[in-house]
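Reviewing the structure listed below.
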Amino acid sequence: QPPVGTDRLAAEVQLLMSTTPVWDLHTHLYPATFGSPTCEPTGSRDPNGLALWGIDELLTYHYLVAEVFRVVPPCELPYEQFWKMSKQEQADHIWQHLFLDRTPISEACRGVLTTLERLGLDPGERDLASYRKWFQQQSLDSHIDRVMQIAGISRITMTNPVFDDNERNRWLADESIGDDPRFAAVLRFDPLLRDWDMAGAKLREWGYEVSQELSAATIAEVRRFIRDWVSRIKAIYCAVSLPPGFRYGGSDDLTPGSTIFRDAVLPTLAELGLPMAMMIGSELQVNPSLGDAGDTVGKSDVQSVIRLCHDFPENRFLVTMLARENQHELAVAARKFGNLMVFGCWWFLNNPSLVEEITRMRVELLGTSFVPQHSDARVLEQLIYKWEHSRAIIAKVLVDKYNDVEATGWKINEEEIRRDVQHLLSGAFEKFLAR
Ligand code: RAT
Ligand code: ZN
């Protein structure tokens, strides 16, 4: 293969980056079998359904809820009043104040516009009624195919919180609910590590013989619970989100969360050969009136991650952190431990300036041995903008890095670019899973 020149190199990278399929390793999306609160053309609708899609869901995304309360403060529209409004009224309110009365330049606002445009609608028309009409004509199942095709997604990884009654009951009622090959399941069990009092009580209710004290018998039952659910949902990994204050102090750490992690969760996952994902740094509900939008970020402890990677060489850890301040230390930790896979620019970091800074730094420290991004999409069509925006930045960083290398006389051919892009967008994750 002939080496590619600088302009061709940029064009080649951009093309491959925008056409290579992505395996999205963390979303909050679901197949149609989980029901949807958005009305189908058939008229069917599940008010508690978990599969979110459509323009009203896009506009009421919690990132935009937080933004609208900055411009229409609660003294003008009390929180309770907003939450009492119908989804469509909330969407109208957000459209009016964030898109019409102001210029929609925040990343979450811009995302809605990119999404509309890629779906073939014209954001320039600013015609919410016509967008609604278009969405009303789509049926979810085939719309999923279309969105995945536009966004270039090969597989969507769900988040399946087993302590959520709505979700758990759906799995119990229908064993095949997760069988859609476009989606992969992930067992999420935050309360096990964050709130043992609550989690223990629930496990007892569900027929596991656990006591509040973490006796050997209790640990064995927690292991059984994890095994049962991993197998029921066919989880490809297990996951928790942890607060900035999360600490793992090694074998002497007897706090309930650490004991369960060390004695129940990690040995079970090692036995099952599944990675453990830790998303660290979300301080929950600092403003509960905002609902899902009420969480914030705090600085976390990378040393605890290092201790876990060191003490559990048989386990694999997928880790992302929410604070910008933790990113460098986490990337350095990944240089020390092959069982640590750094992934994504999570939530408040998923903004172009930060994605660029973080991706650049990670490439400089880790080459291509990390997973640059996940979407965290909660509403199906967000896959489109989250991936389009991120792919453009990852491409930009790669072009710069390739140019630096080519300046030495080392030439990079198209096959090698293809290999790197494929690795960044799906291969690194796939290989880590299969290890
Ligand atoms: O990004 C988000 O939408 C957050 O609300 C959380 O869901 C976070 O990503 C998580 O998985 O806990
Ligand atoms: Zn998430």
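The values are calculated or read from the model by the stated rules, or taken from the named source; none is laboratory data. Since the structure is predicted, the reported quantities are computational estimates derived from the model, not experimental observations. Cβ: placed from backbone, ideal geometry, glycine included. Neighbour counts: every protein chain shown. Keep in mind that these areas ignore ligands, DNA and RNA; they rest on the heavy atoms of the full protein, side chains included. Shrake-Rupley method; radii C 1.70, N 1.55, O 1.52, S 1.80 Å.
Residues 193, 187, 172: which one is open to solvent by 50 Å² or more (accessible area, probe 1.4 Å) and either modelled with pLDDT under 95 or under 23 Å from residue 269 (Cβ atoms) (or both)?
On the way: 193 fails: open to solvent by 50 Å² or more (accessible area, probe 1.4 Å); 187 fails: open to solvent by 50 Å² or more (accessible area, probe 1.4 Å).
Selected residue: 172, the only one of 193, 187, 172 that is open to solvent by 50 Å² or more (accessible area, probe 1.4 Å) and either modelled with pLDDT under 95 or under 23 Å from residue 269 (Cβ atoms) (or both).
With the requirement that a residue be in contact with a helix residue (DSSP H, G or I) (Cβ under 6 Å, 6 or more places away or on another chain) and closer than 27 Å to residue 378 by Cβ, what does segment 291-304 give you?
Our first condition is that a residue be in contact with a helix residue (DSSP H, G or I) (Cβ under 6 Å, 6 or more places away or on another chain); within segment 291-304, this holds for 292-294, 297, 299-300, 302.
Those that are in contact with a helix residue (DSSP H, G or I) (Cβ under 6 Å, 6 or more places away or on another chain) and closer than 27 Å to residue 378 by Cβ: 292, 293, 294, 297, 299, 300.
Within segment 73-80, is there a residue that is more than 16 Å from ligand 2 (Cβ to nearest atom), within 28 Å of residue 35 (Cβ to Cβ) and buried (at least 18 other Cβ atoms within 10 Å of the Cβ)? Step through it out loud before you land on a result.
Filtering segment 73-80 for residues more than 16 Å from ligand 2 (Cβ to nearest atom) gives 73-80.
Pick out the ones that are also within 28 Å of residue 35 (Cβ to Cβ) and you get 79-80.
Pick out the ones that are also buried (at least 18 other Cβ atoms within 10 Å of the Cβ) and you get none.
Within segment 73-80, none of the residues are more than 16 Å from ligand 2 (Cβ to nearest atom), within 28 Å of residue 35 (Cβ to Cβ) and buried (at least 18 other Cβ atoms within 10 Å of the Cβ).
For segment 351-370, which positions are touching a Leu at 6+ places or on another chain (Cβ under 9 Å) and closer than 26 Å to residue 58 by Cα?
355
Output the number of residues of segment 279-297 satisfying the condition of being part of a helix (DSSP H, G or I), open to solvent by 40 Å² or more (accessible area, probe 1.4 Å) and more than 9 Å from ligand 1 (Cβ to nearest atom). Please lay out each step first, then the result.
Our first condition is that a residue be part of a helix (DSSP H, G or I); within segment 279-297, this holds for 288-294.
Then keep just the ones that are open to solvent by 40 Å² or more (accessible area, probe 1.4 Å); that gives 288-289, 292.
Restricting the remaining residues to those that are more than 9 Å from ligand 1 (Cβ to nearest atom) gives 288-289.
Residues in segment 279-297 being part of a helix (DSSP H, G or I), open to solvent by 40 Å² or more (accessible area, probe 1.4 Å) and more than 9 Å from ligand 1 (Cβ to nearest atom): 2 in total.
Output the residues belonging to segment 16-31 that are hydroxyl-bearing (Ser, Thr, Tyr) and within 11 Å of ligand 2 (Cβ to nearest atom). Break it down into steps so the answer makes sense when it comes.
Step one: filter segment 16-31 for residues hydroxyl-bearing (Ser, Thr, Tyr), giving 18-20, 27, 30.
The one that is hydroxyl-bearing (Ser, Thr, Tyr) and within 11 Å of ligand 2 (Cβ to nearest atom): 27.
Give the residues of segment 92-131 that are free of Cβ contacts under 8 Å to residues at least 24 places away in the same chain and within 12 Å of residue 67 (Cα to Cα), sorted by residue number.
104, 105
Can you tell me which residue is nearest to ligand 2 (Cβ to nearest atom) among those in segment 134-169 that are part of a strand (DSSP E or B) and open to solvent by 10 Å² or more (accessible area, probe 1.4 Å)? First the steps, then the outcome.
Taking segment 134-169 and keeping what is part of a strand (DSSP E or B), we get 153-157, 160-161.
If we keep only those that are open to solvent by 10 Å² or more (accessible area, probe 1.4 Å) too, we end up with 153-155, 161.
Values: 153: 16, 154: 20, 155: 16, 161: 10 Å.
Among them, the one singled out is 161.
Within segment 358-373, identify whether any single residue is closer than 20 Å to residue 115 by Cβ and either more than 14 Å from ligand 1 (Cβ to nearest atom) or out of contact with any helix residue (DSSP H, G or I) (no Cβ under 8 Å at 6 or more places or on another chain) (or both), and answer yes or no.
At the first step, the residues of segment 358-373 found to be closer than 20 Å to residue 115 by Cβ are 373.
Going one step further and asking which of them are either more than 14 Å from ligand 1 (Cβ to nearest atom) or out of contact with any helix residue (DSSP H, G or I) (no Cβ under 8 Å at 6 or more places or on another chain) (or both), we end up with none.
No: segment 358-373 contains no residue that is closer than 20 Å to residue 115 by Cβ and either more than 14 Å from ligand 1 (Cβ to nearest atom) or out of contact with any helix residue (DSSP H, G or I) (no Cβ under 8 Å at 6 or more places or on another chain) (or both).
Tell me, please, whether a residue that is in contact with a strand residue (DSSP E or B) (Cβ under 9 Å, 6 or more places away or on another chain) and either away from ligand 1 (no atom under 16 Å from the Cβ) or modelled with pLDDT of 95 or more (or both) can be found in segment 137-144.
yes
Just one of 192, 187 is hydrophobic (A, V, I, L, M, F, W, C), in contact with a Cys (Cβ under 9 Å, 6 or more places away or on another chain) and under 25 Å from residue 311 (Cβ atoms); which is it?
187
Would you mind stating whether residue 334 is closer than 30 Å to residue 385 by Cα, away from ligand 1 (no atom under 16 Å from the Cβ) and modelled with pLDDT of 95 or more? Give the derivation first.
Details: closer than 30 Å to residue 385 by Cα: yes; away from ligand 1 (no atom under 16 Å from the Cβ): yes; modelled with pLDDT of 95 or more: yes.
Here the answer is yes, as residue 334 does meet what is asked.
Just the residues that are part of a helix (DSSP H, G or I) and either open to solvent by 50 Å² or more (accessible area, probe 1.4 Å) or in contact with a Gly (Cβ under 6 Å, 6 or more places away or on another chain) (or both), please, taken from segment 298-308.
First pass over segment 298-308, keeping only residues part of a helix (DSSP H, G or I): 302-308.
Of everything in segment 298-308, those that are part of a helix (DSSP H, G or I) and either open to solvent by 50 Å² or more (accessible area, probe 1.4 Å) or in contact with a Gly (Cβ under 6 Å, 6 or more places away or on another chain) (or both) turn out to be 303, 307.
Please list, ordered by first then second residue, the pairs with beta carbon atoms under 9 Å, 6 or more apart or interchain, first in segment 58-79 and free of Cβ contacts under 8 Å to residues at least 12 places away in the same chain, second surrounded by fewer than 19 Cβ atoms within 10 Å (Cβ to Cβ).
From segment 58-79, the pairs are 78/289.
Does segment 196-233 hold any residues that are touching a Ser or Thr at 6+ places or on another chain (Cβ under 9 Å), polar (S, T, N, Q) and open to solvent by 70 Å² or more (accessible area, probe 1.4 Å), and which are they?
If the condition is that a residue be touching a Ser or Thr at 6+ places or on another chain (Cβ under 9 Å), polar (S, T, N, Q) and open to solvent by 70 Å² or more (accessible area, probe 1.4 Å), then no residue fits.
For residue 51, work out the one condition from (1) within 16 Å of ligand 2 (Cβ to nearest atom); (2) in contact with a strand residue (DSSP E or B) (Cβ under 9 Å, 6 or more places away or on another chain); (3) not charged (D, E, K, R) it doesn't fulfil.
The failed condition is (2).
Looking only at segment 212-253, which residues are in contact with an Asp or Glu (Cβ under 9 Å, 6 or more places away or on another chain) and part of a loop (DSSP other than H, G, I, E, B)?
Within segment 212-253, 212, 214, 234, 243, 244, 245, 246, 247, 248, 250, 251 qualify.
Being in a helix (DSSP H, G or I) and surrounded by 13 or more Cβ atoms within 10 Å (Cβ to Cβ) is the filter here, so list the residues in segment 115-129 that pass it.
Kept after step one, since they are in a helix (DSSP H, G or I), are these residues of segment 115-129: 115-118, 123-125, 128-129.
Answer for segment 115-129, where residues must be in a helix (DSSP H, G or I) and surrounded by 13 or more Cβ atoms within 10 Å (Cβ to Cβ): 115, 116, 117, 118, 123, 128.
Checking the structure you have, find out if any residue of segment 89-108 is within 16 Å of ligand 1 (Cβ to nearest atom), of a type outside the set (Asp, Glu), at pLDDT 95 or above and surrounded by 14 or more Cβ atoms within 10 Å (Cβ to Cβ). Let's see the steps before the verdict.
If we filter segment 89-108 for residues that are within 16 Å of ligand 1 (Cβ to nearest atom), which is where we start, we get 106-108.
Okay, now just the ones that are also of a type outside the set (Asp, Glu), so 106, 108.
When the remaining residues are screened for being at pLDDT 95 or above, the result is 106, 108.
Going one step further and asking which of them are surrounded by 14 or more Cβ atoms within 10 Å (Cβ to Cβ), we end up with 106, 108.
Taking every residue of segment 89-108 in turn, at least one turns out to be within 16 Å of ligand 1 (Cβ to nearest atom), of a type outside the set (Asp, Glu), at pLDDT 95 or above and surrounded by 14 or more Cβ atoms within 10 Å (Cβ to Cβ).
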